[in-house]
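Trainee: Here you go, one structure.
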């Protein structure tokens, strides 16, 4: 399936930088990112099924330890 994705200038710069760093095309970088995100969601889903929902305090503590933005720690 063909798809058109519009990126702003900053997103395009970051995508180009990613692709150049990996020695791949920008299209391949987007596809790889989609594959990696899908795999991450699969793992997170399996963890949630096994452990149940994690309390926000635990997510915040994990985000702090990894220096992550707390609003994105659960995604």
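Trainee: Quick check on the chain: helices-only [θ] at 222 nm, where DSSP H runs of length 4 and up contribute -39,500 (n - 2.57) each and the sum goes over total residues. Nearest 500, please.
Mentor: After summing the helix terms and dividing by residue count, I get -23000 deg cm²/dmol.
Trainee: Nearest 10 degrees, 0 to 90: what angle lies between the long axis of helix 56-66 and the longest principal axis of the chain (Cα atoms)?
Mentor: Compared with the principal axis, the helix lies near 50 degrees.
Trainee: Could you state the angle between the C-alpha long axis of helix 26-51 and the longest principal axis of the C-alpha atoms of the chain, as a value from 0 to 90 degrees rounded to the nearest 10?
Mentor: 10
Trainee: Can you tell me the Rg and the Dmax, both Å, for the Cα atoms in the chain?
Mentor: Radius of gyration, then largest Cα-Cα span, for the chain: 16.0, 42 Å.
Trainee: Quick one: helix 9-22 against the long Cα principal axis of the chain, what's the angle to the nearest 10°, folded into 0 to 90?
Mentor: Approximately 90 degrees, to the nearest ten.
Trainee: Among 59, 44, 15, whose mean-square fluctuation peaks in a Gaussian network model of the chain (Cα, cutoff 10 Å)?
Mentor: 59
All of the numbers you see were taken from the coordinates with simple rules; none came from a lab. Everything numeric here is computed off the predicted structure, so don't read it as measured data.
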